[in-house]
Amino acid sequence: MTCRDARTLFSARLDGRLGPDEARALDAHLAACAACRGELARWEAAAGALRAAGPTPVPPSLAERAFRAATRAERPAPVAGFLPAGRKAALAGALAAAAVWIAALATGAAPRPAPADAGQDPIEVAVLLWTAEGER
Amino acid sequence: MSGDDAAARLRAAADGARAGDPQAFRALVAETHETVFRLAAALVSDRDEAADVTQETYVRAWGRIGELRDGAAALGWLCRIARNVAHDRRRSWWSRIRAPLDAAAREVAPRERDPDASLAAAERGDAVRAALARLPEKHRVVLALREIEGLSYGEIAAALGVPVGTVESRLHRARAALARRLAGLREEVDG
């Protein structure tokens, strides 16, 4: 076994994944090669230093916190491009309101300023149309 | 509890969640959150940030649970979302501000009073972790998942969405690169 061959086995050696034949061949090489013994010692020291601190502790309440955060958020409709019923009704109302505005402007009888009522504001119409387009 | 039992439990939870059952989703979170958190910890190198990434992963997952086609693939699917969340957050303004602040906080944090031997070991650990942080991400993450978080090859493969053979080869290259960096540090100190 050459030094190059021996070093390709170091990683598997650290994880105990060598077969018996490979392990014997590597041990025989290491017994005769100080350079490879030194190199393997460096690999083991680095692994030991990384393992020394142990795994990052999982925050005890993380699972419950993640579950609550996830299920608090609104779940979108599963089928892309298909508006939920509530959004459809709002869009229909907004389109009707926009039609009234357009008709009034065309006839010169502009309606009085709209009250702050979502669904009757042309800006709301634009937002709803834009949102609907983005979901397709 | 055998691995088969765990896999069956995970699949049942994922299938229930896909059907829109919140309690099944709760079970899915319970079954998977440790692996997702460990992946996040390897990606962002900060415990609080890793917890945030984990939480955001499940928010996104529940929002698009219909995209999970196969309950058996739930862990890999969740880990893919976690990788995307971590990358998105790294690009965010908060991460760009927070990383230097965290580094500065570590600089000024008082070290515990240790006997000389423990201090030397702590400094050696710091040097190894610093060398790890300078490795390319695909090497750093696989090494952190294996050595720090203690995941098996199969768990790492699922977390990263790669075959076990790729985990083996990346681990080998990562360890070789880490050993080279540490040898370089030693030469700087000795030289």
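The values are calculated or read from the model by the stated rules, or taken from the named source; none is laboratory data. Predicted model only: the values in this text are computed from it and were never measured. Backbone-built Cβ (ideal geometry, glycine too); neighbour counts: all protein chains shown.
The table below lists the values:
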quantity: Every residue from segment B:123-168 that is surrounded by 18 or more Cβ atoms within 10 Å (Cβ to Cβ) and touching a Pro at 6+ places or on another chain (Cβ under 8 Å); calculated: B:148, B:149, B:157
quantity: Matching residues in segment B:41-54 - criterion: being surrounded by 24 or more Cβ atoms within 10 Å (Cβ to Cβ) and either over 16 Å from the mean Cα position of the chain (by Cα) or facing another protein chain (nearest Cβ under 9 Å) (or both); calculated: B:41, B:42, B:50, B:54
quantity: Residue B:173 being of a type in the set (D, E, K, R), under 29 Å from residue A:4 (Cβ atoms) and either buried (at least 18 other Cβ atoms within 10 Å of the Cβ) or modelled with pLDDT of 55 or more (or both); calculated: yes
quantity: Any pair with Cβ under 6 angstrom, 6 or more apart, that starts in segment B:164-191 at a residue that is in a helix (DSSP H, G or I) and ends at one that is of a type in the set (Phe, Trp, Tyr) and at pLDDT 85 or above; calculated: B:164/B:153; B:167/B:153; B:175/A:43; B:179/A:43
quantity: Within segment A:6-33, considering residues that are more than 11 Å from chain B (Cβ to nearest Cβ), surrounded by 13 or more Cβ atoms within 10 Å (Cβ to Cβ) and of a type in the set (A, V, I, L, M, F, W, C), the one nearest to residue B:168 (Cα to Cα); calculated: A:18
quantity: Selection count, segment A:2-18, where residues are of a type in the set (Gly, Ala, Ser), under 21 Å from residue B:147 (Cα atoms) and out of contact with any Asp or Glu (no Cβ under 8 Å at 6 or more places or on another chain); calculated: 1
quantity: Check on residue B:34, among the acidic types (Asp, Glu) and within 20 Å of residue B:152 (Cα to Cα); calculated: yes
quantity: Residue selected from segment B:55-80 under the condition of a type outside the set (A, V, I, L, M, F, W, C) and within 15 Å of the chain's Cα centre (by Cα), by the criterion modelled with the lowest pLDDT; calculated: B:76
quantity: Restricting segment B:5-33 to residues that are surrounded by fewer than 17 Cβ atoms within 10 Å (Cβ to Cβ) and under 23 Å from residue B:160 (Cβ atoms), the residue that is farthest from the other protein chains (Cβ to nearest Cβ); calculated: B:7
quantity: Selection count where residues are in a helix (DSSP H, G or I) and either facing another protein chain (nearest Cβ under 7 Å) or within 17 Å of residue B:44 (Cβ to Cβ) (or both), scope segment A:40-67; calculated: 13
quantity: Of the criteria (1) modelled with pLDDT under 95; (2) part of a helix (DSSP H, G or I), which one residue A:26 fails; calculated: (1)
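Results for (1) of a type in the set (Phe, Trp, Tyr); (2) touching a Leu at 6+ places or on another chain (Cβ under 8 Å); (3) in contact (Cβ under 8 Å) with a residue 12 or more places away in the chain, shown as yes or no for each residue.
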residue	(1), (2), (3)
B:36	no, yes, yes
B:41	no, no, yes
B:48	no, no, no
B:64	no, no, no
B:69	no, no, no
B:82	no, yes, yes
